[in-house]
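Peer 1: Below: one structure in structure tokens.
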Amino acid sequence: MLFIPDSTRQRLCSETHHDDALRDQICRMLKKSGLRPTRQRIELGKLLLTGGHRHVTADELHNEALAAGVPHSLATVYNTLNQFVAAGLLRCVNLDGARSFFDTNEADHHHFYIGDDNRVIDIPAEDIAFKALPEPPPGYKISAVEVVIRLERDASRCDDALTETTSAATLKKQEPAFS
Ligand SMILES: [Zn+2]
């Protein structure tokens, strides 16, 4: 007979319960957003929507899914991410028209983009003030203003600390998304 120590049994039980609770949480989130809780949405949702705010590319999530033992094709991952965006569970941050990051932070905010590291960092909305916004064309109103501030490493500084890099970085403001 297989003997399982009490401590191991308790750990396994609590992990199962934790997994079930997470699954229920994702199911509720999907249903609330009008999405049917399919297996791939639940599995990818569990990877994405738990554990704090993140920015991921479809490639990164695809690799995470493979590592977690839930292999889905890159096309499935990409489609699921876009469905999450359409349902309001994620935001899509487009860079250069080709690279897209999927952002789990739904609150209004802006971004630093570190091209060298291909990394996106949140900037709280209140940290950027606009003196004046252009008048939108007739028949339109501004629904969102999103700024991407591109950073490059400052060669004159050898300190790699992020705070140093950002404070001394060359800032280039991108046009607001609605223009
Ligand atoms: Zn973000």
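The values are calculated or read from the model by the stated rules, or taken from the named source; none is laboratory data. Please read all numbers here as calculations on a predicted model, not as lab measurements. Virtual Cβ from ideal backbone geometry, glycine too; neighbours counted across all protein chains shown. To get the accessible areas, we keep the full protein, side chains included, count just its heavy atoms, and leave off ligands, DNA and RNA. Shrake-Rupley method; radii C 1.70, N 1.55, O 1.52, S 1.80 Å.
Peer 1: Looking at the stretch 62-131, which GluC sites (Glu not before Pro) are DSSP coil and have at most 13 other C-beta atoms within 10 Å of their C-beta?
Peer 2: Filter output for the stretch 62-131: GLU106.
Peer 1: Give the calculated FRET efficiency between GLU106 and ALA21 to the nearest 0.05, with a Förster radius of 22 Å applied to their Cβ-Cβ distance.
Peer 2: With R0 = 22 Å, the Cβ-Cβ based efficiency is 0.50.
Peer 1: If I compute solvent accessible area with a 1.4 Å probe over the protein chains, what percent of it on the stretch 11-94 is carbon and sulfur?
Peer 2: After summing per-atom areas, the C and S share lands at 51 percent.
Peer 1: Across the stretch 75-83, in residue order, what do the Karplus-derived ³J(HN,Hα) couplings come to in whole Hz, using 6.51 cos²θ - 1.76 cosθ + 1.60 with θ = phi - 60° and x for Gly and Pro?
Peer 2: So the J values, rounded to whole Hz, are 5, 5, 4, 4, 4, 5, 4, 5, 5.
Peer 1: Shifting gears a bit: Per residue, how many Å² of accessible area does the stretch 17-145 show with a 1.4 Å probe?
Peer 2: Accessible area per residue, the stretch 17-145: 59 Å².
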